[in-house]
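The values are calculated or read from the model by the stated rules, or taken from the named source; none is laboratory data. Note that the structure is a prediction, hence the values are computed from the model and not measured. Cβ sites come from the backbone with ideal geometry, for glycine too, and all protein chains shown count toward neighbours. Note: accessible area is taken over every heavy atom of the protein model, side chains too, but ligands, DNA and RNA are not part of it. Shrake-Rupley method; radii C 1.70, N 1.55, O 1.52, S 1.80 Å.
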Amino acid sequence: MKVLVMGGTRFNGLALVEELVKHGHSVTIFNRGASKANVPKDVRRLYGDRHDQAALKSALGYETFDCVQDISAYTPADVQSLVDILEGRMGHYIFASSTVTYASSGLPPLTEDHIMDRSPLQSEYGMNKILCEDWLTERHRRTRLPMTIVPFSMVFGPNNIIHDREQRMFKRLLEGRPVLIQGDGTTLGQVGHVDDQARALRMLMGNPATHGQKYNLTGRDYFSDEGY
């Protein structure tokens, strides 16, 4: 497949690019070129700021893609501008969302139809992801946009750019220091490895059964903070 990855040089995006290349896909990445990364040599690179509509449109030109993996969209404007430019010229659009959108519950697991947290307690990041999902769902209903929404839970693995996740725990273990656990340790969470995530994103591509659907993506098990 001919695949466009928005982002593609850091953590989630880089793991996805490596997975796609390993399986023989033709990969193009689009980003500002601000992050250094050892992307596979066969990857084609387009440079630009996705927030600049004119620059984005110019860079993508009349390109067509079998699939667009959007790993770097954080606001409705990010999603709308890309879809408006490429609709009709992409076979499948996959949007990376987040499980932070869901309201808290004492009854795990939280499934894809769980209520969203649209309260004032929701973060700006989470609210923007909710609005992205709303826009895509409406667009799919109205125009049959071939899109899939994939909320990620906590992701760990090589090249993690969020330094207060597993790196903090491993560093304290290596130094023989106690691991810090917030609260009473009973909070439940799920973690998934970045390579497993990349494999799942690859396997979703080009499958019409996934259009208009939402799939939470994380590890199979969940743990209390103390248990983890």
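Applying the set (1) assigned to a loop (DSSP other than H, G, I, E, B); (2) touching a residue at least 60 places away in the same chain (Cβ under 8 Å) to N12 leaves exactly one unmet item: (1).
Looking only at residues in the stretch 200-210 that are among the small types (G, A, S) and open to solvent by 40 Å² or more (accessible area, probe 1.4 Å), which one is farthest from A96 (Cα to Cα)? Full working, then the answer.
Within the stretch 200-210, the first condition is being among the small types (G, A, S), and the residues that meet it are 200, 206, 209.
Retained after the next criterion (residues that are open to solvent by 40 Å² or more (accessible area, probe 1.4 Å)): 206, 209.
Values: G206: 16, A209: 18 Å.
Out of the qualifying residues, it is A209.
The residues of the stretch 174-184 that are open to solvent by less than 100 Å² (accessible area, probe 1.4 Å) and within 29 Å of the chain's Cα centre (by Cα), listed by number, are V179, I181, G183. Look at (1) under 26 Å from G212 (Cβ atoms); (2) part of a loop (DSSP other than H, G, I, E, B); (3) at pLDDT 95 or above and you find that L121 fails only one, number (1).
Answer yes or no as to whether H51 is under 20 Å from D196 (Cβ atoms) and surrounded by fewer than 22 Cβ atoms within 10 Å (Cβ to Cβ). Walk me through it before giving the result.
On the way: under 20 Å from D196 (Cβ atoms): no; surrounded by fewer than 22 Cβ atoms within 10 Å (Cβ to Cβ): yes.
Criteria not met by H51.
Against the numbered list (1) of a type outside the set (S, T, N, Q); (2) at pLDDT below 95; (3) outside any loop (DSSP other than H, G, I, E, B), D42 comes up short only at (3).
Please work out if V39 is in contact with a Leu (Cβ under 9 Å, 6 or more places away or on another chain) and closer than 12 Å to F95 by Cβ.
For V39, the condition - in contact with a Leu (Cβ under 9 Å, 6 or more places away or on another chain) and closer than 12 Å to F95 by Cβ - is not met.
Test A77 against the stated conditions and say whether it is surrounded by fewer than 18 Cβ atoms within 10 Å (Cβ to Cβ), within 21 Å of the chain's Cα centre (by Cα) and part of a helix (DSSP H, G or I).
Working: surrounded by fewer than 18 Cβ atoms within 10 Å (Cβ to Cβ): yes; within 21 Å of the chain's Cα centre (by Cα): yes; part of a helix (DSSP H, G or I): yes.
Taking the combined requirement at face value, the residue satisfies it.
Going through (1) more than 25 Å from V21 (Cβ to Cβ); (2) of a type in the set (D, E); (3) in contact with a strand residue (DSSP E or B) (Cβ under 8 Å, 6 or more places away or on another chain); (4) open to solvent by 40 Å² or more (accessible area, probe 1.4 Å) one by one, E133 falls short only on (4).
Quick one: which residue in Q213, Q197, Q190 is open to solvent by 80 Å² or more (accessible area, probe 1.4 Å), within 17 Å of S98 (Cα to Cα), within 17 Å of the chain's Cα centre (by Cα) and not acidic (D, E)? Talk me through it step by step, then tell me what you get.
On the way: Q197 fails: open to solvent by 80 Å² or more (accessible area, probe 1.4 Å); Q190 fails: open to solvent by 80 Å² or more (accessible area, probe 1.4 Å).
Only one candidate passes the filter, namely Q213.
Residue count for the stretch 47-66, restricted to those that are over 22 Å from L145 (Cβ atoms) and in a strand (DSSP E or B): 1.
Here's the yes/no breakdown for (1) in a strand (DSSP E or B); (2) surrounded by 14 or more Cβ atoms within 10 Å (Cβ to Cβ):
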residue: V68; (1), (2): yes, yes
residue: L82; (1), (2): no, yes
residue: A96; (1), (2): yes, yes
residue: G106; (1), (2): no, no
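Just give me the residues in the stretch 150-198 being more than 30 Å from V3 (Cβ to Cβ), of a type outside the set (S, T, N, Q) and either in contact (Cβ under 8 Å) with a residue 60 or more places away in the chain or part of a loop (DSSP other than H, G, I, E, B) (or both), in sequence order. Reasoning before the result, please.
Narrowing the stretch 150-198 to residues more than 30 Å from V3 (Cβ to Cβ): 164, 168-189.
Those still in the list that are of a type outside the set (S, T, N, Q) too: 164, 168-181, 183-185, 188-189.
Correct list: D164, E175, G176, R177, P178, V179, L180, I181, G183, D184, G185, L188.
Inside the stretch 135-144, residues that are under 17 Å from A73 (Cα atoms) and either part of a loop (DSSP other than H, G, I, E, B) or touching a helix residue (DSSP H, G or I) at 6+ places or on another chain (Cβ under 8 Å) (or both) make up a count of 3.
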